[in-house]
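This report concerns only the one structure given below.
The values are calculated or read from the model by the stated rules, or taken from the named source; none is laboratory data. Everything quoted here is computed from the prediction, not taken from an experiment. Cβ coordinates were reconstructed from backbone atoms using ideal geometry, including for glycine residues, and neighbour counts include every protein chain displayed. Surface accessibility is based on the protein's heavy atoms, side chains included, excluding ligands, DNA and RNA. Shrake-Rupley method; radii C 1.70, N 1.55, O 1.52, S 1.80 Å.
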Amino acid sequence: MYEQLMYEKFYRSLYRIRRVEEEVAKVYPTDKIKSPVHLSIGQEAVSVGICEALQPDDVVFGTYRSHALYLAKGGDLNKMIAELYGKATGCAKGKGGSMHMIDLAANVMGSSAVVGTTIANAIGYAYALKHQPQDSIVVSIFGDGAVDEGVFAESMNWAALKKLPMIFVCENNNYAIHTHQRERQKLDNICDRARSYGIPAEKIEDNDTLTIYEKIGAAAKALRNGEPGPFFFECMTYRWKEHVGPNEDYHLGYRTKEEAEPWIKNDQLKRLAELVESEERQKIEDEVEAEIKAAFEFAEASPFPKYPELFTDVFKEG
């Protein structure tokens with residue numbers, strides 16, 4: 001019974017993210033969505049596996065491809081879609097767009113359009129948590145391209161030195177925009193880099209959301225039990241759509257459909273669907289479809305920000 005309920009929860013989260021992004025892809029060509037979109041289709045399993053292993057008070061920092069993380073952690077769907085529409089009711093008041101998802105109530109910290117920048121934010125938050133009487137942890141999620149940034153090395157060293165209560169997750173889809181990892185890094189040794197700082201590191205293959213859940217859960221439990229952090233995981237995954245936008249991009253020549261086919265065949269959404277009883281699966285899908293429809297209607301009906309909003313939330317030295 002416990003396993004069935006867990007499968008249902010995983011399926012709901014995976015299905016919800018997939019369908020939200022499919023609707024985003026459908027609406028995007030109409031120009032109602034006011035910012036570029038970096039879709040997570042194909043990569044949902046990583047965020048779902050991570051977030052299902054966390055507690056509500058745990059904090060996550062993501063990347064500009066953050067729709068899946070935002071939703072998996074409990075971000076408000078109405079506010080997400082309104083943000084994509086550039087509306088005042090959006091999670092960043094319509095001023096952030098797709099690449100700057102944030103929901104403080106769900107402990108989803110602001111993502112960034114600049115590669116790797118939230119890694120440093122995450123270690124700062126974890127350092128603060130270490131000096132507070134609570135057992136919350138921080139998870140920093142970034143792509144394989146971010147490990148080439150200087151902030152990655154500096155942050156790993158600092159986190160290891162200060163034994164921070166956090167988990168680093170490299171969401172490795174093999175590409176930094178259109179450049180494969182083998183063309184950017186002489187060695188396929190991301191986990192070895194983490195180990196060089198004295199951080200336990202493990203590579204999780206096959207985009208396996210249940211394995212990710214188990215591994216992240218074990219690391220989170222260890223941190224809550226007082227074991228010094230951080231921990232590091234490299235989760236292999238694959239994006240189905242173009243780097244930015246709603247379409248496929250195999251015609252560009254930097255990757256092939258044949259490369260993608262094994263990942264599509266191993267779709268974790270289909271895998272979880274087979275583990276959920278058909279009647280319950282239909283109920284989940286109906287509820288999610290109704291929620292998505294309401295969210296887009298909410299965004300359509302919401303107002304754009306007023307002119308004075310341009311001058312709020314702006315830092316200025318006195």
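Answer with yes or no whether THR211 is surrounded by 19 or more Cβ atoms within 10 Å (Cβ to Cβ) and within 30 Å of MET6 (Cβ to Cβ). Steps first, answer last, please.
Working: surrounded by 19 or more Cβ atoms within 10 Å (Cβ to Cβ): no; within 30 Å of MET6 (Cβ to Cβ): yes.
So THR211 does not fit the description; no.
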* To do: With respect to SER40, determine if the residue is free of Cβ contacts under 8 Å to residues at least 60 places away in the same chain and under 18 Å from TYR175 (Cα atoms).
  => no
* **Counted residues, segment 1-35 - those being closer than 14 Å to GLY245 by Cβ, open to solvent by 30 Å² or more (accessible area, probe 1.4 Å) and polar (S, T, N, Q)** => 1
* Residues that are of a type in the set (Val, Ile, Thr) and farther than 23 Å from ASN172 by Cβ, drawn from segment 67-117 -> ILE81, THR89, ILE102
* Structure fact -> Restricting attention to segment 287-318, the residues that are open to solvent by 100 Å² or more (accessible area, probe 1.4 Å), acidic (Asp, Glu) and under 16 Å from CYS91 (Cα atoms) number exactly 1
* Please work out which residue is farthest from the chain's Cα centre (by Cα), limiting yourself to segment 224-233 and to residues that are modelled with pLDDT of 95 or more and open to solvent by less than 20 Å² (accessible area, probe 1.4 Å). => PRO230
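Just checking, how many residues over segment 234-254 are open to solvent by 10 Å² or more (accessible area, probe 1.4 Å) and either over 25 Å from TYR28 (Cα atoms) or touching a His at 6+ places or on another chain (Cβ under 8 Å) (or both)?
5
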* Structure fact -> ILE141 passes all but one of the listed conditions (1) within 23 Å of LYS34 (Cα to Cα); (2) under 13 Å from the mean Cα position of the chain (by Cα); (3) aliphatic (A, V, I, L, M); the exception is number (1)
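For segment 36-57: of the residues being of a type in the set (S, T, N, Q) and in a loop (DSSP other than H, G, I, E, B), which is surrounded by the most Cβ atoms within 10 Å (Cβ to Cβ)?
Applying the first criterion (of a type in the set (S, T, N, Q)) to segment 36-57 yields 40, 43, 47, 55.
From the residues that got through so far, the ones that are in a loop (DSSP other than H, G, I, E, B) too are 40, 43, 55.
Working: SER40: 30, GLN43: 27, GLN55: 11.
Per the stated criteria, the residue is SER40.
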* Within the set of pairs 6 or more residues apart or between chains, which connect a residue that is surrounded by fewer than 18 Cβ atoms within 10 Å (Cβ to Cβ) inside segment 109-129 to a residue that is hydrophobic (A, V, I, L, M, F, W, C) and in a loop (DSSP other than H, G, I, E, B) with Cβ atoms less than 8 Å apart? -> ALA113/MET99; TYR127/LEU164
